[in-house]
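Below: one structure, written as structure tokens.
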Amino acid sequence: MRRKSRIPPSPLPQRDGVDPVRIRLPEGGGWVTVREHLVERLSPRAEVIDQLLRDGLIVGADGQPVAGDTAYVPGMFVWFHREPPDEERVPFALDVVYRDEHIVVADKPHFLATTPRGSHVAETALARLRRDLGIPALGAAHRLDRLTAGLLLFTVRPEERGAYQSLFGAKLVRKEYEALAPYSPGLALPCTVRSRILKERGVMAAQEVEGEPNAVTRVELRDRRDGVGRYRLTPSTGQTHQLRVHMNALGVPILGDPLYPVVTGPVPAGDFRRPLQLLARRLEFTDPVTGHEHRFVSGRVLEAWASYDEWASPGPLEETAQ
């Protein structure tokens, strides 16, 4: 059996709480130089890679710049920092609700992504916490959708991250969510929704398809007023968009959802009105390192419950259109 090559430590520091990009050169492909592979893999414009190489911004494991004519060696690692995208700052606090030498638990606001990806890099929960807490090695044990608020678990020590991540895979974490959606008097609750959910890469919305269920959610009505229901959602699986898909399937899509029941147009950058009314309210688990029983509760209040009219009020552009 072929042994997996050891990943050397990064020769580049983080930048603004964001790790450098690490690339391992694969076997085969017929590339003669490192440059040829990077151009084919990363950029339709060769001049982007050429500029990084000229500026000495692509380095090898020894921290030395890689030259444009460096021979291609399968298994070689290179690192570099991407040019950060223009990001609109998410103007909401990321609260730390617990911290010890092993974990950090944060209460994430709506619109803040969990980890760097795509156009959201520095404005993510992970990057913010690394900067604010001074913990470069901080890692995410799981994720929440960018539009979902609530509790997130992070690990302090990289060597312990797998132990905490395995809790989620083994279904040893109790997660409870709160959602606001239309109240339907004909909907028999509580109920358990079971279905098979498929999320295709590059397609924004997930779909329920025929087949053995891979998504299970317990749905309960906690309260209602003025046509709005306050629901407790307890998932026992973790499919992408699971709660949003299941609430939509029940005929009560979550307020502020831009994907279900229909995909709406993209929201302009900086538009933080009408956040998705979904909150990761509770997080409970037995610490796999210390054995401590953890129970955390989000202190956030969903806006449409505190004041539906204020949450639903039109913005300046909508008022002008009227």
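The values are calculated or read from the model by the stated rules, or taken from the named source; none is laboratory data. What you see is a predicted model, and the numbers here were worked out from it, not measured in a lab. Backbone-built Cβ (ideal geometry, glycine too); neighbour counts: all protein chains shown. Ligands, DNA and RNA are excluded from the accessible area calculation, which covers all protein heavy atoms including side chains. Shrake-Rupley method; radii C 1.70, N 1.55, O 1.52, S 1.80 Å.
Listed values, structure above:
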| quantity | calculated |
| --- | --- |
| Relative contact order of region 72-144, defined on C-alpha pairs under 8 angstrom at six or more residues apart (%) | 23 percent |
| Solvent accessible area, Å² - F168, 1.4 Å probe, full protein context | 40 Å² |
| Normalised per residue, the volume of the convex hull around the Cα set of region 101-204 (Å³) | 156 Å³ |
| Sequence of M204, M76, M247 when ordered by accessible area, the most exposed leading, probe 1.4 angstrom | M204, M76, M247 |
| Linear extension gain, A93 paired with M204, 0.36 nm per residue minus alpha-carbon span | 37.2 nm |
| Fully extended contour minus Cα-Cα distance, from D50 to E159, at 0.36 nm per residue | 35.6 nm |
| In range of the label at H292: residues from region 96-124 whose backbone nitrogen is under 12 Å from the point 7 Å along Cα→Cβ | 98-105 |
| Heavy-atom SASA rank of W305, W31 (probe 1.4 Å, accessible area, largest first) | W31, W305 |
| Convex hull of Cα atoms in region 1-90, direction-averaged projection (nm²) | 7.6 nm² |
| Accessible area (Å², per residue) of region 19-68, counting only protein heavy atoms and a probe of 1.4 Å | 56 Å² |
| Packing-based ranking, highest mean first, of 145-156, 210-221 given that Cβ atoms within 10 Å are counted | 145-156, 210-221 |
| Pairwise label distance in nanometres, V267 with A249, each label 7 Å out on the Cα-Cβ vector | 2.5 nm |
| Where Cα atoms sit under 25 Å apart: lysine pairs in the chain separated by 8 or more or lying on different chains | 5 |
| Where region 173-322 is the region considered: accessible area per residue in Å², 1.4 Å probe | 55 Å² |
| Share of carbon and sulfur in the accessible heavy-atom surface of region 48-152 [1.4 Å probe, %] | 50 percent |
| For Rg/Rh (Cα atoms, Kirkwood Rh), calculated from these coordinates, the label among (i) 0.97; (ii) 1.01; (iii) 1.39 | (ii) |
